[in-house]
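Below is one structure; the comments refer to it alone.
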Amino acid sequence: MTKQVQEVNDLNNVMRVGQILDLLMKFPTSTSIMLSGPPGVGKTAIAEELARQLKARLHVFLAATQDPTDLSGVPHCNEERKTTVFYAPEDFLELTALASSGYLGPAVALFDDITTANSQVFAAYFRLFQQRQIARIPIRDNVILIGTGNRVEDKAVANDLPSPLANRMYHIDVDVDDKAWLLALTFSLSSFHTFVLDLSSCIRSILISCAELSLLLDLSRWLASCRHQLE
């Protein structure tokens, strides 16, 4: 563990969205991250923004739709050697040196809503997050593993992570960034107020123009009437 990560361990892990990106940039890629928090606080968006800042490819895996074989591999019989081999799914191979696309650059693997997985999938995650392997194939060193999930107390279809899995991850509890939200709201209200003032000014100008036009029409009618009387 690096000195920077050790310093972070001394901090309160409950953090606001605005602080987390800077923190994640300090972690070595070998550290698996777990972002926990209520629905809608931006856990998935954090991983997406991290990938953007690192100029890394983002791979999203939905835990609720996964099967244990997606992680451990599909067993297949090797007739020649009389052994069982495991074939990794194509999507997961992109995280290894065997990527079919040929891309071996930085990547962020996001396991979204990992707390919705069942117990068998949780067990399959052990090798992934501890040994960094998919179907016994090593994951590249430049791949960051991130899990996101709601908390059980949020009552959002979430399960507690088993201790063997939870102990393999660095946990950050994501909190609502109320200051940033209020700042954005204040800016929005200020912009709206400016818009209303501009609209009001525009309407006033139109009304003045209409009034002036009305006076011109009345003057034109009066002049026409005077001309008619003179004739």
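The values are calculated or read from the model by the stated rules, or taken from the named source; none is laboratory data. Just so it is clear, the structure is predicted and the values come from calculations on it, not from any experiment. With ideal geometry, Cβ positions are generated from the backbone for all residues, glycine too; neighbour counts draw on all protein chains shown. What goes into the accessible areas is simple: the full protein's heavy atoms, side chains included, and nothing from ligands, DNA or RNA. Shrake-Rupley method; radii C 1.70, N 1.55, O 1.52, S 1.80 Å.
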Subject >> Derived scalar couplings ³J(HN,Hα) [the range 154-164; Karplus, 6.51 cos²θ - 1.76 cosθ + 1.60; whole Hz; x for Gly, Pro] >> reply: 6, 6, 10, 6, 10, 10, 5, 5, x, 3, x
Original post:
Counting only the heavy atoms of the protein chains, how much of GLU48 is accessible to a 1.4 Å probe, in Å² to the nearest 10?
Top reply: 90 Å²
Original post:
For ARG57, which sequence-distant residues (separation of 5 or more, or a different chain) have an amide H within less than 5 Å of its own amide H, given hydrogens modelled in the peptide plane?
Top reply: ALA107, VAL108
Original post:
If you take the Cα atoms of the range 28-144, find Rg, then find the Kirkwood Rh from the mean of 1/r over all pairs, what is Rg/Rh?
Top reply: 0.99
**OP:** Could you list which residues have their amide H under 5 Å from that of GLY147, counting only those 5 or more apart in sequence or on another chain, with H placed in the peptide plane?
**Re:** ILE33, MET34, LEU35, PHE111
**OP:** Note down the nm distance, to one decimal, between modelled labels 7 Å out along Cα→Cβ at LYS26 and at ASN167.
**Re:** 2.6 nm
Subject >> Paramagnetic reach from THR44 (point 7 Å along Cα→Cβ, amide N under 13 Å) across the range 71-103 >> reply: none
Subject >> LEU21 - accessible surface, heavy atoms, 1.4 Å probe, Å² rounded to 10 >> reply: 30 Å²
**OP:** Could you pull out every residue, at least 5 positions away or on a different chain, whose amide H is within less than 5 Å of the one on ILE139? Hs are placed 1.01 Å off N in the peptide plane, and Pro or chain starts have none.
**Re:** GLN133, ILE134
Subject >> Heavy-atom surface of the range 38-138, accessible at 1.4 Å and reported per residue (Å²) >> reply: 53 Å²
Subject >> Label-point separation in nm, ASN78 to ASN142, each point 7 Å along Cα→Cβ >> reply: 2.9 nm
